[in-house]
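The values are calculated or read from the model by the stated rules, or taken from the named source; none is laboratory data. Everything numeric in this text was worked out from a predicted model, so none of it was measured. In this analysis, Cβ positions are derived from the backbone assuming ideal geometry, glycine residues included, and neighbour counts consider all displayed protein chains. Accessible surface is based on the protein model in full, side chains and every heavy atom, while ligands, DNA and RNA are left aside. Shrake-Rupley method; radii C 1.70, N 1.55, O 1.52, S 1.80 Å.
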Amino acid sequence: MSKKLIPILVKNDPWLTPFSKEIQARLNRFEDKKRAIEQQFGSLKDFANSHHIFGFNYDHNKQGWWYREWAPEAHRLSLVGDFNDWNSNSHLLTRDDQGIWELFLNAQQYPTFGHLSQVKVQIVTKNGTLDRLPAYLNLAIQDPHTHDFRGVLWNKGFDWNDDDFDASKAKKQPFIYECHVGMAQETEGVGSYRDFANHLLPRIKAHGYNVVQLMAIQEHPYYGSFGYHVSNFFAASSRFGTPQDLKYLINKAHEMGLAVIMDLVHSHAVKNIAEGLARLDGSDQYFHAGERGYHTGWDSYLFDYGKEEVLRFLLSNVRYWIEEFHFDGFRYDGITSMLYFHHGENVSFDGLGKYFDGVDWDVLIYLQLANTLIQELKPSALSIAEDMSGMPGLCRPVAEGGIGFDFRLAMGIPDYWIKLLKHSPDEAWSVEEMWYTLNNRRHGEKSIAYAESHDQALVGDKSLAFWLMDKEMYTHMSVSAESPIIDRGIALHKMIRLLTLSLGGEGWLNFIGNEFGHPEWVDFPREGNHWSYYYARRQWSLAKSPDLRYQYLDAFDIEMIGLAKKHQLLANPPGEKLNVDTKNNVLIFERSNLIFIFNFNVSQSIPDYRFNLPNPGIYEIILNSDDLKFGGHGRVDNSLIYPATELLGQFVMRLYIPNRVVMILEKQNPQE
C-alpha cells in the first residue's frame, strides 16, 4: 500500500500495519456513503431529518397535521384515536410508490386534534390486522389497568434558558454519575423527572460530578428491562413524567453546570408486537431477516443498518434527542454486539486479527455517521461506547480511520475487581496485576474507568460494598459497632475506587448510590419478587445518618472527586510507575504531579518505607484514606512534611504507610 494511503490510525500504531487495507476500506466506505447522502439530501443533518417528515408534524402553510408512516409491505393503514372515536374506517392513509403512507388532518375540520390527542394506527398486513403505535411517536402512555400503551401527541413548547451552557469542560475530564430516574428516590415506587431534578441534581453537583448519565429514557414496555428493551425510540418514558418534565430536568442540570447524556439503545429493539417496531408492516422491515435479525441472549430484534430507511431512522433519533431535549451526548449501549456478527459471544479478543474478522460493515458506517453527526450538531457533546472487545480506532476520529467515539467504557476493570473479590483472598492480591489491569488500554484512545456500574449491581450480583461486607452491613454499620469485616470493607472500598479513578482512564463513572457504599443489589419489580420496589430505590438516609458509617464513604467520595478535578487528574497523561513492591503489596505512582501511595497489605503497616522519586522536593499529604473523617483509624499525622532527599545519586522519600491505606502527596511549591 502506498504511504499516502496508509491511514493515520496505522501510522500511529505500526502493529496495525497488516490491517491497513481493512482500515482504509472502512474509511472509504464511510466517505462514499456520506458523499452519496450529501448529493441526494444536501447534508448529513438534512438526511437525519425524518422525524420532521414521519410521525405527526404540523404544517403551518396548510394549517393542519400530517401523519406519515413507512410501511412498504402493509396492505392498509388507518389512523384511529379519540378524535374519531377509534373508527378504523374513517381516516385511511394513502400510499406512494416508496411504501410511505400519509394522511392530512385539516385543523379547522379537526380542531380538537393536536396536543394530548390519543392515537394508534391500524395496520392490515399479510399476518392480519392489528392496532399499532406509530414508529415516530413522541409519547406513549400505559393504561395502569389494562397495561396497554396508547400513543399521545405531545406538542407543547418549553422555555429553555441554557444558551450559555457548554459541555466542553466536562468532556475534557468527565466525572459521570450514572442514574436511573425511577429508582432515584427512597420510597418504594417509581421516581419522577421533577423529583430527580429538584432533589438529586443538587447532591450530584455537591459531590463534584459534572456529567449526569440517564438510563431508561427511551420508552420501554417492561420496567424491569432497565430500559434496554426499547419500543418507542422517539418517546421519553412516560413512567417518570411528561416530555416537559424531562426538559425541566435537563434545563436545571445545565443551570447547575452539569452536562446530561443518555443511554442510547440502537443495538436492538424489543420484539413486542403491540408496542414496538417489530413486524410493523408484516415483514422484518426495520430488522434483519431470520437468525441474523434475532439476538438469542437478549431476546430482541437486530436492526438492518444497511437499509437507508433504518439508517435515517436511527440518525434522526440522534438528532432528535440532541435538538429537542438538549442532551449533551450519548452512552451507546451494546456496541460489541453491533460490531460483530458473532456479537462478541464466546469470543476471546486475544489477537488483532479478531477485530477485523466478522465485522458488520453497515454498523461501522452507521456509527461513523452518527459520531460525525453528533459533532456537527453539538461539538461539545460526549459520545461513549460500551464495548468490551477493544476494537482499535473505536475512539479515534473518523478521518484517521477510526469510528469517532470520544471514550469507551473500561469494562474489564469492574470485572477484574469483582473476580478478585469473589475468588481471591486478600493475601493473594497482586499490586503488579492491578497496575497492569488498570493500564491495559489502547494508547491514544480514551477510557471511562469505573469500579462498578449498574451491571455489577443488578440482581444475581451485588454492589462492591456488599461484596466486601455482605450481611455484616445489616448489623455493624453503626459508628459505635466494632467489626473487622466492616473495617476491611470500608478501607478497601476507598482504595479500589481511588485506584481505579487515578489509573484506569481519562474519565470516571459512578453508579447512583455506590459512592457511599449502597448495600445489596438492584432488582426491579417482577413476578419473582412479588412485584416489589424494595430493591429498586436508593436509601439516601443511610448516607445522611450521623450514626452510620456510610457517611465516611460519602465524605471520601466528595474529597476524591474534588481533588481529581482540582488537579486535572483525568485530563493529564496516564500514571508513571514509581514503585511496585510485590513483597509488601505497595504500589506507588505519579500522575498530574501527585504521588499516589497504596498499601494493600492485609496486616503490615510499614514504618520508614523508602522509595525513589525522579526529582527532589518537599511533599505534603493532601488526601489520606485513614483519616477519622473517612472512617479510618487516624494513624497518620497529616501535618507532617516529607522531603525527597538525595542518596547515592537518587532522590529518596521515607514515610510511614499503614496497611490498607492510600495517601496522595503533593509537592510544596511545585512550580519551583
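Observations on the model:
- Options 595, 561, 588: the member that is open to solvent by less than 20 Å² (accessible area, probe 1.4 Å), of a type in the set (A, V, I, L, M) and farther than 16 Å from residue 497 by Cα: 595
- All positions within region 125-146 that are open to solvent by 50 Å² or more (accessible area, probe 1.4 Å), touching a strand residue (DSSP E or B) at 6+ places or on another chain (Cβ under 8 Å) and not in a strand (DSSP E or B): 143
- Single condition residue 422 does not satisfy, out of (1) open to solvent by less than 30 Å² (accessible area, probe 1.4 Å); (2) in a helix (DSSP H, G or I): (1)
- Residues of region 288-336 that are open to solvent by 10 Å² or more (accessible area, probe 1.4 Å), over 28 Å from residue 41 (Cα atoms) and in contact with a strand residue (DSSP E or B) (Cβ under 7 Å, 6 or more places away or on another chain): 294, 301, 333.
- Check on residue 303, hydrophobic (A, V, I, L, M, F, W, C) and in contact (Cβ under 8 Å) with a residue 60 or more places away in the chain: no
- Counting residues in region 479-500 that are more than 22 Å from residue 386 (Cβ to Cβ), assigned to a helix (DSSP H, G or I) and modelled with pLDDT under 95 gives zero.
- Residue check for residue 651: of a type in the set (A, V, I, L, M, F, W, C) and closer than 20 Å to residue 434 by Cβ: no
- Answer residue from region 475-512, given it is farther than 23 Å from residue 412 by Cβ and among the acidic types (Asp, Glu) and is surrounded by the most Cβ atoms within 10 Å (Cβ to Cβ) among those: 487
- Number of the exception - residue 122 against (1) within 17 Å of residue 54 (Cβ to Cβ); (2) surrounded by 15 or more Cβ atoms within 10 Å (Cβ to Cβ); (3) of a type in the set (S, T, N, Q): (1)
- Looking across region 66-101, just one residue is within 25 Å of residue 33 (Cβ to Cβ), over 34 Å from the mean Cα position of the chain (by Cα) and outside any loop (DSSP other than H, G, I, E, B), and that is 100.
- Region 513-528 - residue that is open to solvent by 30 Å² or more (accessible area, probe 1.4 Å) and not hydrophobic (A, V, I, L, M, F, W, C) and, of those, farthest from residue 498 (Cα to Cα): 527
- Some residue of region 272-285 being at pLDDT 95 or above and outside any loop (DSSP other than H, G, I, E, B): no
- Qualifying positions in region 558-601 - in a strand (DSSP E or B) and either under 23 Å from the mean Cα position of the chain (by Cα) or aliphatic (A, V, I, L, M) (or both): 578, 580, 586, 587, 588, 594, 595, 597
- Among residues that are on the phi > 0 side of the Ramachandran plot, surrounded by fewer than 21 Cβ atoms within 10 Å (Cβ to Cβ) and free of Cβ contacts under 8 Å to residues at least 40 places away in the same chain, residue 470 is included.
- Selected residue (criterion: nearest to residue 522 (Cα to Cα)) from residues of region 150-196 that are more than 16 Å from the chain's Cα centre (by Cα) and of a type in the set (Phe, Trp, Tyr): 196
- Every residue from region 492-538 that is out of contact with any helix residue (DSSP H, G or I) (no Cβ under 9 Å at 6 or more places or on another chain) and over 22 Å from residue 175 (Cα atoms): 527, 528, 529, 530, 531, 532, 534
- Region 33-58 - residue that is without any contact (Cβ under 8 Å) to a residue 12 or more places away in the chain and among the charged types (D, E, K, R) and, of those, most open to solvent (accessible area, probe 1.4 Å): 35
- Counted as qualifying within region 1-65 are no helices (runs of 4 or more DSSP H), as none has 3 or more residues that are among the basic types (Lys, Arg) and touching a Phe, Trp or Tyr at 6+ places or on another chain (Cβ under 8 Å).
- For region 328-418, the strands (runs of 3 or more DSSP E) that sit wholly inside it and include 1 or more residues that are on the phi > 0 side of the Ramachandran plot and touching a helix residue (DSSP H, G or I) at 6+ places or on another chain (Cβ under 9 Å) are 329-332.
- Taking first residues from region 94-110 that are without any contact (Cβ under 8 Å) to a residue 60 or more places away in the chain and partners that are among the β-branched types (Val, Ile, Thr), the Cβ contacts under 7 Å between residues at least 6 apart in sequence or on separate chains come to 101/94; 102/94.
- Some residue of region 4-14 being without any contact (Cβ under 8 Å) to a residue 60 or more places away in the chain and among the polar types (S, T, N, Q): no
- The residues on offer are 563, 553, and the sole one that is under 16 Å from residue 663 (Cα atoms), in contact (Cβ under 8 Å) with a residue 40 or more places away in the chain, in contact with a strand residue (DSSP E or B) (Cβ under 6 Å, 6 or more places away or on another chain) and among the hydrophobic types (A, V, I, L, M, F, W, C) is 563.
- Any hit, region 635-656, residues being surrounded by fewer than 20 Cβ atoms within 10 Å (Cβ to Cβ), among the basic types (Lys, Arg) and part of a loop (DSSP other than H, G, I, E, B): yes
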